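K.L.:
Supplied in structure tokens, the structure appears directly below.
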Amino acid sequence: MRPPLFYQGRPLYQCPLRLPNLLLSLARISRYDAILTPERTSTALKKVLGKQCPKLIHILHGAGDREKGYEDRIRLFDLVFVAGQKDYDAFLHYGLATAENCHVIGYSKFDVLPPAPPRFFGNDRPVVLYNPHFDTDLSSWMKFGPSLVEAFAKMPDFNFIVAPHLRLRGKGRRLFDKLSQWPQAPNLRFDGGSIHSLNMDYTRTADIYVGDVSSQVYEFLQTLKPCVFLNAHDAHWRDNPFYRHWAFGEVASSAEEALLLIRSAKDAHLGFLAQQAAGFAAAINAGPASASARAAALIRDFLDRA
């Protein structure tokens, strides 16, 4: 919902501020029996509306491992949907949900994918997706981004899509705007937050994934393919559950190392297939029915009992 006061007609990444948007929509929101949402600012409705608050149902927007994904506000939801056993176990372990109100449904985005993504380049060279996160404490963008983009333009044997997380803000957004205005090499595509960044067009078309902590790596691994991860903050990632996806590919500690690993990623991939398969199966449960159908049935049964 976008009240006219907020960003009407603007790009997707210029989304309304969540809390003011909620407050301006209170009259409409309070008429519903339940709100299904992939974000957590909506939990403020419980304080504002009290007993008049609709039931709050949380569906995770991804299946990632970032520590912030396991935050206390999850406890405020009446019903919680996760994509796979990994997050189900974590939510119960951290006391964020219970076996009664948390359910594994799979990944609803998979239910609406077209047969094939569009082609973004007029050749058959390997496509590399660079997908840095917006969180400056975890992202590789500010430290590695300029060097990588400059090097990408000089690697004509690859195509590169530079598509940071939609919520990139501040210095990171300004850096993206600056780099994307450089004279364009034909093998480079910049995307600051179009629908292609959300609907899996890029993760499906890419042959190699390069990133840090974005949950899009699990969307990319719907088909097991090579990954390269960027450790820009000297993270102690081994045996760390918040970096478990870094076991799915080589990890670079510099932009220069990343470029070498991109070139060798295809040859190195065989050594990571088992970890990728197991990690994806734990993060996203395929199941006999679609995720959407499972979620709809659970919501119906929950509201029937409420």
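The values are calculated or read from the model by the stated rules, or taken from the named source; none is laboratory data. Predicted model, so just to flag it, every value in this text is computed and none were measured. Cβ coordinates were reconstructed from backbone atoms using ideal geometry, including for glycine residues, and neighbour counts include every protein chain displayed. Accessible surface is based on the protein model in full, side chains and every heavy atom, while ligands, DNA and RNA are left aside. Shrake-Rupley method; radii C 1.70, N 1.55, O 1.52, S 1.80 Å.
K.L.:
Per the 1.4 Å probe, what fraction of the accessible area of region 10-100, in percent, lies on carbon and sulfur atoms?
P.N.:
The nonpolar share, carbon plus sulfur, comes to 54 percent.
K.L.:
Once the dipole of region 43-90 is set up with Lys and Arg at +1 and Asp and Glu at -1 on Cβ about the Cα centre, which of Phe77, His61, Val48 lies farthest towards its positive end?
P.N.:
Of the listed residues, the answer is Val48.
K.L.:
Among 206-219, 153-166, what's the highest-first ranking by average C-beta atoms within 10 angstrom per residue?
P.N.:
206-219, 153-166
K.L.:
Quick one: plug the Kirkwood hydrodynamic radius of region 194-281 (C-alpha pairs) into Stokes-Einstein at 20 °C, 1.002 mPa s, and report D in µm²/s.
P.N.:
162 µm²/s
K.L.:
Oh, and also: Roughly speaking, what is the centre-to-centre gap between region 52-77 and region 237-286 when only Cα atoms are used, to the nearest Å?
P.N.:
Rounded to whole Å, the Cα centres lie 26 Å apart.
K.L.:
Hey, another quick one. In whole percent, and with a 1.4 Å probe on the protein chains, what portion of the accessible area of region 161-273 is carbon and sulfur?
P.N.:
Roughly 53 percent of what the probe reaches on region 161-273 is carbon or sulfur.
K.L.:
Over region 20-121, consider all pairs of different Cα atoms and compute the Kirkwood hydrodynamic radius from their mean reciprocal separation; express it in Å, one decimal.
P.N.:
Evaluated on region 20-121, it is 15.1 Å.
K.L.:
Counting heavy atoms of the protein chains only and a 1.4 Å probe, report the per residue accessible area for the chain as a whole number of Å².
P.N.:
Averaged over the residues of the chain, the accessible area is 50 Å².
K.L.:
What's the extension gain from Ala27 to Met142 if we count 0.36 nm per residue and subtract their Cα-Cα distance?
P.N.:
Contour length minus the Cα-Cα distance gives 37.3 nm.
K.L.:
Can you return the aspartates and glutamates within cross-link range of Lys109? Criterion is Cα-Cα under 13 Å, with same-chain partners fewer than 8 residues away left out.
P.N.:
Here the aspartates and glutamates satisfying the reach criterion relative to Lys109 are Asp201, Glu219.
K.L.:
Quick one: among Ala268, Ala116, Ala185, which has the greatest mean-square fluctuation in a GNM of the chain with alpha-carbon springs under 10 angstrom?
P.N.:
Ala116
K.L.:
Can you list the lysines whose alpha carbon sits under 18 Å from that of Lys171, skipping same-chain ones fewer than 8 residues off?
P.N.:
By straight Cα distance, Lys171 reaches Lys143.
K.L.:
Let me ask something else. For the pair Leu198/Glu71, report the inter-label distance in nm, with labels modelled 7 Å from Cα in the Cβ direction.
P.N.:
Spacing of the two 7 Å Cα→Cβ label points: 1.9 nm.
K.L.:
Treating the angle as unsigned and between 0 and 90°, give the value, to the nearest 10°, between the Cα long axis of helix 291-305 and the longest Cα principal axis of the chain.
P.N.:
Compared with the principal axis, the helix lies near 20 degrees.
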